[in-house]
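This report refers to the structure that appears directly beneath it.
The values are calculated or read from the model by the stated rules, or taken from the named source; none is laboratory data. In this text the structure is predicted, and so the values were computed from the model without any measurement. Neighbour counts run over all protein chains shown; Cβ positions are idealised from the backbone, glycine included.
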Amino acid sequence: TSHPASFFHSINELWDIVGLLKTTHVSYDDFLDAFGLEREVQWWRRFIPGQGCLREELLTAMNICYSNQLNPEMNGLSGLINLMSLTGETFSINGGNQQLISSAFMQAQKQYESIVNTDNNENLSRIRHVQAQITTVVSDMNSMGLWSEQRNMGKFDIVILAAPLQNSQISFFTKSHFDEAVLHS
């Protein structure tokens, strides 16, 4: 059409007319700060089980899924557009996301106990739940070794890492088939 509002000289002019220009000039983190959404769980809430941070558990995860970026790497408008995808009914896990790994561990333990001889309690200790911030995973053909900083957490047949791997800063290595002293990333 020939209506003056139908044509824009730049995308910034469009965002300005619809009132969204300022959101393009701030990070999504700063945009969320303006709404009072905490960046971290408040110190006193850390002592209450199941207390999470909306920004970390939902909004950061959403942006990683949709845009493969963390909140500070996005502008406010991009984050807002991703947030629009959460319309409708949303679901949460009672007690927080940590219930996923606890449930998986309990189910694995019960299944393992139903398979092995329960008279011999020595075998039941094979399944372990290790809660630590893992920094390095070294795998070979039969197992995976885990490290938390410089501390060796042991070798495992199966490992479940409950973390968003893109930004976890976990180093993954594989032992060379020719020389075990050589690691490949």
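Of the residues making up the range 131-183, just one is among the polar types (S, T, N, Q), outside any loop (DSSP other than H, G, I, E, B), exposed (fewer than 12 other Cβ atoms within 10 Å of the Cβ) and modelled with pLDDT of 75 or more, namely N152.
For the range 1-20, taking the residues that are at pLDDT below 90 and outside any helix (DSSP H, G or I), the one that is nearest to R55 (Cα to Cα) is identified as V18. Quickly run through the range 21-63 and pick out the residues that are part of a helix (DSSP H, G or I) and more than 30 Å from S10 (Cβ to Cβ). Within the range 21-63, W43, W44, R45, R46, F47, L54, R55, E56, E57, L58, T60, A61 meet the criteria.
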